[in-house]
Amino acid sequence: MSDYTIENGQYLKVTDKDTGDLIGIFEVSDGNVLSTIHTVETVSEEEYLIYVTSKETELDQIE
């Protein structure tokens, strides 16, 4: 298990270490820690916002 903080980047993309499937893209704030066994990479704010918008659209379609 590894811990990631704002020092690793504000926007972190987590993918399944075995399958390579996207788990999510998360924003890390000061004082927050993301702990995971999966693969983590830093992404841009733009990529994060695109991801968030797509998830909001999915939720809107469910309602």
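Taken together, the values in this text are just the output of simple stated rules run on the coordinates, not laboratory data. Source: prediction; values computed, not measured. All Cβ positions, glycine included, derive from the backbone under ideal geometry; neighbour counts span all protein chains shown.
Quick one: which strands (runs of 3 or more DSSP E) lie wholly within the stretch 14-61 and hold at least 2 residues that are more than 17 Å from residue 3 (Cβ to Cβ)?
Correct list: 22-27.
Filter the stretch 1-41 for residues that are among the aliphatic types (A, V, I, L, M) and in contact with a Phe, Trp or Tyr (Cβ under 8 Å, 6 or more places away or on another chain); which is nearest to residue 56 (Cα to Cα)?
For the stretch 1-41, the residue satisfying everything is 25.
If I ask for residues that are of a type outside the set (S, T, N, Q), surrounded by 11 or more Cβ atoms within 10 Å (Cβ to Cβ) and more than 10 Å from the chain's Cα centre (by Cα), which ones from the stretch 1-36 would you list?
Answer for the stretch 1-36, where residues must be of a type outside the set (S, T, N, Q), surrounded by 11 or more Cβ atoms within 10 Å (Cβ to Cβ) and more than 10 Å from the chain's Cα centre (by Cα): 4, 6, 9, 16, 17.
When you scan the stretch 1-13, how many residues do you find that are part of a helix (DSSP H, G or I) and not acidic (Asp, Glu)?
2
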